[in-house]
1. Which helices, counted as full DSSP H runs in chain A, have an axial Cα extent of no less than 18 Å and a Kyte-Doolittle average of -0.5 or above?
2. Looking only at other chains, what is the average number of their beta-carbon atoms within 10 angstrom of each beta-carbon in A:123-133?
3. Dipole magnitude of the protein assembly as shown about its Cα centre, charges +1 at Lys/Arg Cβ and -1 at Asp/Glu Cβ only, in debye to the nearest 20?
4. To check my understanding: the extent here is largest minus smallest coordinate of the Cα atoms along each principal axis. What are those three numbers for the range B:255-385, in Å, largest first?
5. What ranking do A:223-234, A:47-58 get when scored by the average of other Cβ atoms within 10 Å per residue, highest first?
6. Treat the count of other C-beta atoms within 10 Å as a stand-in for reagent exposure and order A:V517, B:V370 from fewest to most.
7. What's the local net charge at B:E92, with K and R +1, D and E -1, over the other residues with C-beta under 10 Å away?
8. Once you put a point 7 Å from the Cα of A:A259 and another 7 Å from the Cα of A:E426, both along the Cβ direction, what distance in nm separates them?
Protein chains: 2
Amino acid sequence: MRLSRYYIPTLKEDPADADVVSHKLLMRAGMIRKLTSGIYNYLPLGLRSINKVAAIVREEMDRAGAMEVLLPMVQPADLWVETGRWDYYGKELLRVKDRHGRDYCLGPTHEEVITDLVRGEIKSYKQLPVNLYQIQTKFRDEIRPRFGLMRGREFIMKDAYSFDKDEDGAEKSYWEMFEAYRAAFSRIGLRFKPVQADSGAIGGDFSHEFMVLADTGEDTIASCLSCEFGANLEKARVKLPEAKPEVDESAVPAMEEVATPGVHTVEEVCSFLDITADKLVKTLLLVVDGEPVAALVRGDRELNDIKLRNIVGGNEIEMADEALVRELTNAPVGFAGPAGLDTNVPIYADRELTMSTDWVAGANKSDTHVLHLALERDCTIERYADLRVIEETDPCPECGGKIEFTRGIEVGHVFKLGLKYSEKMEATFLDENGKSKPMVMGCYGIGVSRIVASAIEQNNDENGCCFPPSIAPFEVCLISLGGKDQDVADKAEELYGEIMKLGVDAAYDDRKERPGVKFAEADLIGYPMQLVLGGKGLKNGIIEAKDRKTGEKIELPLDGFAEAFTAWRKEIWNNWGLEIA
Amino acid sequence: MRLSRYYIPTLKEDPADADVVSHKLLMRAGMIRKLTSGIYNYLPLGLRSINKVAAIVREEMDRAGAMEVLLPMVQPADLWVETGRWDYYGKELLRVKDRHGRDYCLGPTHEEVITDLVRGEIKSYKQLPVNLYQIQTKFRDEIRPRFGLMRGREFIMKDAYSFDKDEDGAEKSYWEMFEAYRAAFSRIGLRFKPVQADSGAIGGDFSHEFMVLADTGEDTIASCLSCEFGANLEKARVKLPEAKPEVDESAVPAMEEVATPGVHTVEEVCSFLDITADKLVKTLLLVVDGEPVAALVRGDRELNDIKLRNIVGGNEIEMADEALVRELTNAPVGFAGPAGLDTNVPIYADRELTMSTDWVAGANKSDTHVLHLALERDCTIERYADLRVIEETDPCPECGGKIEFTRGIEVGHVFKLGLKYSEKMEATFLDENGKSKPMVMGCYGIGVSRIVASAIEQNNDENGCCFPPSIAPFEVCLISLGGKDQDVADKAEELYGEIMKLGVDAAYDDRKERPGVKFAEADLIGYPMQLVLGGKGLKNGIIEAKDRKTGEKIELPLDGFAEAFTAWRKEIWNNWGLEIA
């Protein structure tokens, strides 16, 4: 592509509303433009990268036997009513009425539509398994769209849906997709890790997220240094020590109130009573789908509200407001405790609290705590469960090894849905014995536009993007520095032709711009390979070649260019851990 | 693709709600499924055809120097308010409020978004011209979606937008797109004709439609048998005879009322008064943007309401209802006339009415007409203009030659927009003299999904679709008839491999189905080439090859198959007027 005829509106300055590096660089490199909050125009360069990601994903889906379809963006409400998600999905589901007053939504995901499609068509086990996917624009009305393409409202997603006749088939489909994802992300050249994840609003039996590792990621991942274990923090189980200490509540002195005037926080209580936080039971009051619940964790731990929500079996979870706290505890915030709490509030306790006793806790009374609390003796616990956030000092929940925390960006998510949708929507088939059964489903998403952003988050420097060659808008940029020198222009044209003939995706900077401008823009956009042709090099029969990622420069001979270039190109790809497609 | 692993849910019966052949066949061939009124799922086969159309269109757009972008589906209302189309566009514009109560619409077209995009970026004449296009899903909330993919609500469109510094540049861009469209439709293999068209809600200076010729088309085209002229009926000018007869109104007797009890229609009046319809002035009362107007055409002619709307300069046009007719004429429907009509109603008269005088017309009085009406003498005509629908007996408006009417399906539309959007949205640039000017725009649409349907409308028979090889879901279908014969299965596998190696898009029917089922489905889906391998053929070293379009069968040798197949394939493409890409 001749850049003199191409539309790349670069910016000199970071846009004011861009917080993360990928957002800044995508804007500055002329790849995207904001239309309105969370909604972006993809400009020619940006679309090229997106299309390259899509092509790799498509190939890996096809290879895995999935078939491409295209489902509508506008979906009728009645399907969402069937699954209950018309109410459940909340405000992220953008709802719209057509001219006849009928209800629709813009698809944030397509479980309902795809299940409706197959339930009319697939009648026999002989037609299963089927795996259908699409690459399509989704809309989720995020309350706070942010970070450019990282968390937009309108975005491009690959979503696939598998239908199987039984659990075994569904697991097979799940792991086939898992492997297809691994292959796709590897081919894109991202450093990533699949981790155990919560199923959220999609629901289902279990799921994994594919995380691109980047310090700027919104998610925290717990990974084991000894085994393969990895999990999103919101999902990671906590392992209790194997040897449970003997806990004898009968030895605990009777519960006793102590005045703690103006002492609210864990730190304040510990300091006031001169105890360590692990002697304290922290009591949190929350509301799950409108009903209050209490959660207990040790004073030095953090409640994992996703775990709590899943155990309670609800949808929306939020902290109780001050008024409710006052109503349930007869005290201001800071004095809640499990003993003497409103008896209508079920109490969920973290399992770790079974490892000790003789606790300090709030007294449900202003400016008062209790000493010598014994949980079983003094309160009614609804259930003990794994409720807290894992910490970096915890052992690996699978092998007991050491874990570490890293940051990640979710770019893929695979779900084993099971019967959640097929039962509600009556997507059934006749099995080998003529018996009607619901299909066992899985669903599988990849954030296509988000991948481009996450590739930049992972690969950038002070001068701009450093794209992997697999998804760079152009693999190579040929920079002609001849100015008005016709010899240079002619040679550059010739080289451009040669590169094109090799089937390599090249941008040819034939613009009448100063060398400094051309260099800076090539670095900003982040073409993996730069070729610089100037008068002096031309006289000496060489062209300067720069690896954008490492900054390493070498000289390629003009005589025998094709061969030397091809070898260098192979090296660049290999340095990225990639093979030329 | 092995059909044993492919998802093609064919139907034996025509679906009840399908009126046109493309809708029936797209459903029956398992290419699409209806989600809800005017909204379709594209199944694997259907999507393949759509993608082939898109690829050809993309290539021709790129060749013409246009650059691909992708603009959002959800657009903020404020841009539409700027151009006035938030009010003007009517109910086809699907409006939606987000969670914060802000107004948006689903894009039925993207003039506002693209103009907003470039006005922030293009500042100098040096950056012009620019032509940006996208292939994207559009939504238009049609009042009566129908005919499957022909007039859906959600559909796939290629839309391009050009920006030039002056009129000459804009015309050049227009004709470059015109030629790119001609090239694309030719490569798709459609019989089509570009015709002059009305600009409708998009507006602008002038436009052409590209019509696929098919008896089932919704549009009528007037074409000249002598010259290149072609026009949509709603646009086609009417040529007046060159020699204007002398019309002397002073010789017309005074206007005189005549009782015509219960005589309403043109036919009834003519029969009652024993005159021919060309002696009558037909007076039609309409409402343009809420204001009543009257239109006069000769009794034997038909009013073209698009022409009237354009001359009045309005947006929505509809017939006056009975109450309004009664109010304006003091009579029931059937007795309106230009003389004595409510004086607030402007009267527009077809130019043909200047060619004669001494008319019969309604008297604006129940059961009464007038004789000896002289238009200039007896009424106040706001304006004479070309107001009627062209007839097949009219001469060609350009060369005077003979015209004929054919039916067509609009698959492309090019518009010279001029300054309509750039002035309203202040999309300006600095010209060579540093003067700020609005950009001169054009816009260009292709109905990508509609093309697949129109290809079927043009090419089908009682057994199914006859796809052109350029956009068939698969170019060739290899039908293996071996049953349990391992020799046939092995040879079929080998042939399938050979065809794939030739880079030809093949469906391989390896299913355990009866030969009749396989033949019928291959015909239904309309693969252009069928190869049938059976036990007997195999024994004789031949494979049967069928041209789906002509039904012609030949035998290809298994020995030297690649060469014979390649030659036959070339012939098939050539018979379609196509060259292999």
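Computed from the coordinates by the stated procedures, all read-outs in this text should not be read as laboratory data. Note that the structure is predicted; figures quoted are calculated from it, not measured. Here the Cβ is made from the backbone with ideal geometry for all residues, glycine too, and neighbour counts use every protein chain on show.
1. A:44-63
2. Details: counts 1, 0, 0, 1, 2, 0, 1, 3, 1, 4, 0.
Other-chain Cβ atoms within 10 Å of each residue's Cβ, averaged: 1.
3. Dipole magnitude for the protein assembly as shown comes out near 2100 debye.
4. Result for the range B:255-385: principal-axis Cα extents of 39, 32, 24 Å.
5. Highest-to-lowest ranking by the protection proxy: A:47-58, A:223-234.
6. Result, fewest neighbours first: A:V517, B:V370.
7. Summing Lys and Arg as +1 and Asp and Glu as -1 gives +2.
8. Rounded to a tenth, the inter-label distance reads 6.9 nm.
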